[in-house]
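I have placed the structure first, in the form of structure tokens, so that the comments after it can refer back to it.
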Amino acid sequence: MTPLASKIFRNVKGPLAEATQRELASSQFFECTSLAAMAVEMRLIDGFNTGYSDMAQLPAPRTALEAVLDGHRLLFACSMQTDGYLSINCITELESGCTILWSAAFLPGTKKYRILSEKPLSEKAKTAIIIGTCIVEKFLCIINQPSLVEHQARDTDKRVMRTAAADKTPVRPHWHECRVRPGLHSGGNGHGQQDDEENHHQLHYVRKHFKPSLGRWIDGYWRGNADLGIYLKHYTVSKPVQAVLA
């Protein structure tokens, strides 16, 4: 398991922890911290009104994405619902145990989303949750491009395996660390063609855009030479975690 998931699985107690541990035990894990800046870049450039990409599909029925965002390590426990919505529980660890910061869901390929809360939320908190769902969507879009990202398999912590064996809980023996592949990337045309000019440009994001000749929206994509680095524009990044906890 990824670092936070491993800690929660082994050490956190209580009813919420037990339910969370059962969900974690059946999940496929991806450590996405190295992709966090790219996901934030995509969210900021694409904005809120272009909808959720149909590329945002789960690699496994239960998928856990873990990353450090704005100084906080967060775990996004994702699963697909029977109505096609992709649900997300945003989990973190506190001194007293683990807690679900927020729960939400979105429908890939549409602009539809749900905020799952039993209590009224401020507009600021709702906005922060929507930002969170967009970040998860971007993570999934990135990791579902094998030409862009490699998944390095890591062995699950032996302490987790022992804890799971004692509870007779099946746990996946591997999790995956996601990293950007070196070399040239060209995702815009869908045919793998490479423009010579890309050799001289850093890896950068081309925003989602409407193409009149096709009559549809084209998902954003990364292109350029990763060996030269990743070009990120300069933005003031919002702080979704602090907003939700406030």
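Counting only other residues whose beta carbon sits under 13 Å from that of residue 176, what net charge do I get with K and R as +1, D and E as -1? Please list the in-between numbers first.
Working: positive: 154, 172, 179; negative: 31, 66, 150, 155, 177.
Its environment carries a net charge of -2.
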Over the chain, with a Gaussian network built from C-alpha contacts below 10 Å, which listed residue (229, 71, 132) shows the highest mean-square fluctuation? 71
With a cap of 11 neighbouring Cβ atoms within 10 Å, and only residues DSSP puts in a loop, list the GluC sites (Glu not before Pro) found in the stretch 45-116. 95
Give me 123, 150, 41 ranked fewest to most by other Cβ atoms within 10 Å of their Cβ, as a rough exposure proxy. 123, 150, 41
Volume per residue of the C-alpha convex hull in the chain, rounded to whole Å³: 142 Å³
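Which of the DSSP-defined H helices in the chain satisfy a minimum axial length of 18 Å, computed from C-alpha atoms, and a minimum mean Kyte-Doolittle hydropathy of 0.5?
Details: long enough: 123-143 (30 Å, 1.23).
Taking the DSSP H segments of the chain (at least 18 Å long, mean hydropathy at least 0.5), we get 123-143.
For the cross-link pairs 112/138; 7/158; 111/138; 124/208; 138/208; 111/208, which exceed 18 Å when the distance is taken from alpha carbon to alpha carbon? Working shown, then result.
Details: 112/138 16 Å; 7/158 12 Å; 111/138 14 Å; 124/208 26 Å; 138/208 12 Å; 111/208 14 Å.
124/208, as the Cα separations exceed 18 Å there.
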Once you charge only the Cβ atoms, +1 for Lys and Arg and -1 for Asp and Glu, what is the size of the charge dipole of the chain about its Cα centre, to the nearest 20 debye? 600 debye
Cleavage-rule hits (chymotrypsin sites (Phe, Trp or Tyr not before Pro)) in the stretch 48-150: DSSP loop, at most 14 neighbouring Cβ within 10 angstrom: 48
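Only the coordinates and a few stated rules stand behind these numbers; no lab work does. Everything numeric in this text was worked out from a predicted model, so none of it was measured. Backbone-built Cβ (ideal geometry, glycine too); neighbour counts: all protein chains shown.
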